[in-house]
Amino acid sequence: MERITFWLLLLVSFAIAGDTMRKSIVFNKDTPDVFYCPIEKPTLLDKMIVKARPLKKLCEYEGRTLPKNYRSDCYNDVDESEFACKEKKRIMKKLEMIKMEKEIRRK
């Protein structure tokens, strides 16, 4: 019983850690040209040390295999993860909506 409890706790801790990594891509609409990603392994989202990167660098390889000499500025290549590619699509849609709203206000 103790072994099962240990393995379940271990599995849950890995799931939580993976979720923290997955959510570590940060976008702020006030700085639309950049995204933020961790430079060290994040332990808590509110105490994460991040670096600003150009938005065009997010999911730069679109899920393809990374080149051998590729060196990411983000921890664990989180900027090239499957979640990062989905996040970039979401961000681009949001930016397009903001742009359309501004055009409507001008008229």
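Read the figures in this text as sums done on the coordinates, not as results from a lab. What you see is a predicted model; the values in this text were computed from it and never measured. Neighbour counts run over all protein chains shown; Cβ positions are idealised from the backbone, glycine included.
Computed quantities for the displayed model
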{"read-out": "Inter-probe distance in nm under a simple model that places probes 7 Å from Cα toward Cβ, at residue 90 and residue 51", "value": "2.4"}
{"read-out": "Subset of 86/107; 68/93; 51/94; 56/107; 41/68; 29/86 violating a 25 Å alpha-carbon distance limit", "value": "86/107; 68/93; 56/107"}
{"read-out": "Spacing of the two label points (7 Å from each Cα toward its C-beta) at residue 31 and residue 97, in nm", "value": "2.2"}
{"read-out": "If the convex hull is drawn through the Cα atoms of segment 40-107, its volume per residue in Å³", "value": "117"}
{"read-out": "Chymotrypsin sites (Phe, Trp or Tyr not before Pro) restricted to DSSP loop in segment 20-76 with at most 12 other C-beta within 10 Å", "value": "70"}
{"read-out": "Rough spin-label spacing in nm, given labels placed 7 Å along Cα→Cβ, for residue 68 and residue 43", "value": "3.7"}
